[in-house]
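Each remark here refers to the structure printed beneath this line.
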Amino acid sequence: MRTLIIEDEARAASQLQNMLKACDFTYELLDIIDTVEEAVTWFQSNALPELIFMDIQLADGLSFEIFQKVEIEAPIIFTTAFDQYAIQAFKVNSIDYLLKPIQKDDLCKSLDKFLKSNKPTSVNPEVLKQMLASMQTAPKREGILVKEGSGFVQIKISEILYCYSEEGITFGVTATKRYMIDETLDQLFNSLDQNQFFKINRGQLITKSAIQKIDAYFNHRVKLSLANPRDQEFIVSRQKTSDFKAWLNR
């Protein structure tokens, strides 16, 4: 089975491949792509795969943007860290999905469904619009449960300056402290108000209020100085620099 993976987290892509093998799914991996831009280029110059695993949040935007530039008539299993409000759109429109972190049993069931399905493989643009609307209107959280000592405490989202992922662990930093968060960075980001939070690269998201200085950086990137940096270096990826500037102007 000629399979394409569109996923911006290397760890998630690797785990997906291991679980595909555990499900006894025989496949030929064509490529692993981590941006909208690269995906569009790939589809323009390659034959369509027989199955696509597609993350929704990529390094340079939402994967739905791919469909605005190329036509993809191939089966797609979306992977997503969006909350249940957004998931309802997938259920209503019968588009298959896997909720992150992906579980082996869920993947095996999804593959079985795919192999038995005789449904058309093209994705309806109107369905994508409905999913985007659902995601954008989902209520954003105001608090977050974090680990402290042997227990948990709740802090206000407004207290967070930035968050980052390190060795598979997500941390949130306030003006005075660092907390461990029991969610992936994508799961956390997708539940926040994205007028206030921006994911500057694969491993960091920041708030506007934390930015103290913005400097040009080589290779058309931007380097930021943030409050309470805690030995972190904040560099906006090249793919996200344009969107970052637009975000600041909101």
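The values are calculated or read from the model by the stated rules, or taken from the named source; none is laboratory data. It should be emphasised that the depicted structure is a prediction, and the values quoted were computed from it without experimental measurement. All Cβ positions, glycine included, derive from the backbone under ideal geometry; neighbour counts span all protein chains shown. We work out accessible area using only protein heavy atoms, side chains counted, and drop any ligands, DNA or RNA first. Shrake-Rupley method; radii C 1.70, N 1.55, O 1.52, S 1.80 Å.
Against the definition (surrounded by fewer than 13 Cβ atoms within 10 Å (Cβ to Cβ), in contact with a Ser or Thr (Cβ under 7 Å, 6 or more places away or on another chain) and not charged (D, E, K, R)), how does Gln212 come out, yes or no? Reasoning before the result, please.
Details: surrounded by fewer than 13 Cβ atoms within 10 Å (Cβ to Cβ): yes; in contact with a Ser or Thr (Cβ under 7 Å, 6 or more places away or on another chain): yes; not charged (D, E, K, R): yes.
So Gln212 passes the test.
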**OP:** Could you list, in sequence order, all residues of the range 168-190 that are within 16 Å of Gln232 (Cα to Cα) and either part of a strand (DSSP E or B) or charged (D, E, K, R) (or both)?
**Re:** Ile169, Thr170, Phe171, Gly172, Val173, Lys177, Arg178, Tyr179, Met180
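Going by the conditions given, is Lys245 over 16 Å from Cys163 (Cα atoms) and modelled with pLDDT of 95 or more?
Details: over 16 Å from Cys163 (Cα atoms): yes; modelled with pLDDT of 95 or more: no.
Spelling it out, it is not the case that Lys245 is over 16 Å from Cys163 (Cα atoms) and modelled with pLDDT of 95 or more.
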Subject >> Close pairs (7 angstrom Cβ cut-off, 6 or more residues apart or separate chains): on the phi > 0 side of the Ramachandran plot and free of Cβ contacts under 8 Å to residues at least 12 places away in the same chain in the range 15-30, in a helix (DSSP H, G or I) and among the aromatic types (Phe, Trp, Tyr) anywhere >> reply: none
**OP:** Go through the range 42-67 and give me each residue that's in a loop (DSSP other than H, G, I, E, B), closer than 20 Å to Gln194 by Cβ and not small (Gly, Ala, Ser).
**Re:** Ile56, Asp60
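Could you list all residues from the range 226-235 that are closer than 14 Å to Ile200 by Cα and either open to solvent by 50 Å² or more (accessible area, probe 1.4 Å) or in a strand (DSSP E or B) (or both)? Lay out the reasoning, then the answer.
Step one: list which residues in the range 226-235 are closer than 14 Å to Ile200 by Cα, which gives 226, 232-235.
Selection gives Leu226, Glu233, Phe234, Ile235.
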Subject >> Every pair of residues 6+ apart whose Cβ atoms lie under 6 Å, when the first sits in the range 97-125 and is at pLDDT below 80 while the second is open to solvent by 80 Å² or more (accessible area, probe 1.4 Å) and part of a strand (DSSP E or B) >> reply: Thr121/Glu73; Ser122/Glu73
Subject >> Pairs, first farther than 20 Å from Arg230 by Cα and at pLDDT below 90 in the range 171-198, second hydrophobic (A, V, I, L, M, F, W, C) and surrounded by fewer than 19 Cβ atoms within 10 Å (Cβ to Cβ), C-beta under 7 Å, six or more apart >> reply: Leu192/Ile157
Subject >> Which listed residue is of a type outside the set (Asp, Glu) and under 18 Å from the mean Cα position of the chain (by Cα), from Asn195, Asn249 >> reply: Asn195
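Would you call Phe218 open to solvent by 90 Å² or more (accessible area, probe 1.4 Å) and out of contact with any helix residue (DSSP H, G or I) (no Cβ under 7 Å at 6 or more places or on another chain)?
On the way: open to solvent by 90 Å² or more (accessible area, probe 1.4 Å): yes; out of contact with any helix residue (DSSP H, G or I) (no Cβ under 7 Å at 6 or more places or on another chain): yes.
Yes: the conditions hold for Phe218.
Within the range 26-41, how many residues turn out to be of a type outside the set (A, V, I, L, M), farther than 14 Å from Met54 by Cβ and in a strand (DSSP E or B)? Reasoning before the result, please.
To start, the set of residues in the range 26-41 that are of a type outside the set (A, V, I, L, M) comprises 26-28, 31, 34-35, 37-38, 41.
From what is left, the residues that are farther than 14 Å from Met54 by Cβ are 26-28, 37, 41.
Those left that are additionally in a strand (DSSP E or B): 28.
Going through the range 26-41 one residue at a time, the tally reaches 1.
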Original post:
Of all the residues that make up the range 172-187, how many are in contact with a strand residue (DSSP E or B) (Cβ under 6 Å, 6 or more places away or on another chain) and open to solvent by less than 20 Å² (accessible area, probe 1.4 Å)?
Top reply: 5
**OP:** Could you please find all residues in the range 69-83 being in contact (Cβ under 8 Å) with a residue 40 or more places away in the chain, open to solvent by 10 Å² or more (accessible area, probe 1.4 Å) and farther than 15 Å from Phe189 by Cβ?
**Re:** Glu71, Glu73, Pro75, Ile76
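Quick one: would you say Lys223 is without any contact (Cβ under 8 Å) to a residue 40 or more places away in the chain, of a type in the set (Lys, Arg) and either under 20 Å from Glu159 (Cβ atoms) or open to solvent by 20 Å² or more (accessible area, probe 1.4 Å) (or both)? First the steps, then the outcome.
On the way: without any contact (Cβ under 8 Å) to a residue 40 or more places away in the chain: yes; of a type in the set (Lys, Arg): yes; either under 20 Å from Glu159 (Cβ atoms) or open to solvent by 20 Å² or more (accessible area, probe 1.4 Å) (or both): yes.
Against the criterion (without any contact (Cβ under 8 Å) to a residue 40 or more places away in the chain, of a type in the set (Lys, Arg) and either under 20 Å from Glu159 (Cβ atoms) or open to solvent by 20 Å² or more (accessible area, probe 1.4 Å) (or both)), Lys223 qualifies.
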